[in-house]
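Q: Below is a structure I'd like to ask you about.
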Amino acid sequence: MFGRSKEKQAPAAAAPAVELTKPGGKGRPTPRRDEARARNARPLVPADRKAAARAAREAQRQERLRSQQALLTGDERYLPARDRGPQRRFVRDVVDARRNVGEYFLIIAGASLLLSLLAQPLRSAALLLGTTVLIYGMLAVVVVDSVLLGRRVKRALAGRFEEPERGLVSYGVTRALQIRRMRRPVPMVERGAPPR
């Protein structure tokens with residue numbers, strides 16, 4: 001620059017070289033861009049498309065079989081993402097250990113539907129009114145039971161986990177509305193048993 005003399009620059013150049021590498025660095029040079037691209041390059045379309053499609057279908061089939069087996073055995077590794085994790089397993093155990101009114105709702109709703117279909121040819125207004133009252137009464141009981149179950153799940157989660165995930169209460173209520181034999185993953189605790 002202006003006004004600097006060469007005498008002042010010489011001592012700076014003579015200073016000892018400072019180590020520019022970080023301690024614990026990667027220990028190898030950064031690859032050139034064309035080398036990195038060549039290493040990561042894959043063909044967009046495989047050479048044998050039919051064989052690749054066959055292999056992909058087989059892999060998907062194996063994954064589905066593992067997932068179905070996991071739903072029957074409760075194996076956490078292969079469960080769908082919706083059912084995976086210790087908090088969701090705990091919610092399933094809380095729901096399965098309890099007798100829920102919601103699991104009988106579909107059975108009673110089906111029976112009342114059949115009774116209402118029988119009431120029309122018989123022209124029985126009392127039977128039709130009875131089935132309507134039965135279905136709406138059952139629906140009200142299911143709503144109350146679901147609210148109580150939601151409160152129970154919240155309390156149990158707060159007692160067991162520091163930060164419960166979101167959506168666990170609705171996950172538990174949805175499971176409680178299913179018939180016990182149809183639930184997937186299958187129930188792993190008996191009724192009345194404490195959750196694991």
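Q: If you check every pair at least six apart or on different chains, which have Cβ atoms under 7 Å apart with a residue in the stretch 90-113 that is open to solvent by less than 30 Å² (accessible area, probe 1.4 Å) first and a residue that is of a type in the set (Lys, Arg) and not in a helix (DSSP H, G or I) second?
A: 93/196; 97/191
Q: A further question on this structure: Output yes when any residue across the stretch 59-70 is buried (at least 17 other Cβ atoms within 10 Å of the Cβ) and of a type outside the set (Asp, Glu), and no when none is.
A: Checked against the condition, which is being buried (at least 17 other Cβ atoms within 10 Å of the Cβ) and of a type outside the set (Asp, Glu), the stretch 59-70 yields at least one hit.
Q: Now, a different point. Looking only at residues that are assigned to a loop (DSSP other than H, G, I, E, B) and either β-branched (Val, Ile, Thr) or over 16 Å from residue 95 (Cβ atoms) (or both) in the stretch 162-182, which one is least open to solvent (accessible area, probe 1.4 Å)?
A: Only one residue fits best here, namely 179.
Q: Now a separate question. Is there a residue in the stretch 138-158 that is basic (Lys, Arg) and at positive phi?
A: So far as the stretch 138-158 goes, no, none of its residues is basic (Lys, Arg) and at positive phi.
Q: Please pick out the residue among 110, 85, 102 that is in contact with a helix residue (DSSP H, G or I) (Cβ under 7 Å, 6 or more places away or on another chain) and modelled with pLDDT of 85 or more.
A: 102
Q: Here is a follow-up. Before we move on, is residue 155 exposed (fewer than 15 other Cβ atoms within 10 Å of the Cβ), assigned to a helix (DSSP H, G or I), among the charged types (D, E, K, R) and at pLDDT 90 or above?
A: Yes.
The values are calculated or read from the model by the stated rules, or taken from the named source; none is laboratory data. Note that the structure is a prediction, hence the values are computed from the model and not measured. Counting neighbours? That spans all protein chains shown, and the Cβs are built from the backbone with ideal geometry, glycine included. Heads up: the accessible areas ignore ligands, DNA and RNA and are worked out on the full protein's heavy atoms, side chains in. Shrake-Rupley method; radii C 1.70, N 1.55, O 1.52, S 1.80 Å.
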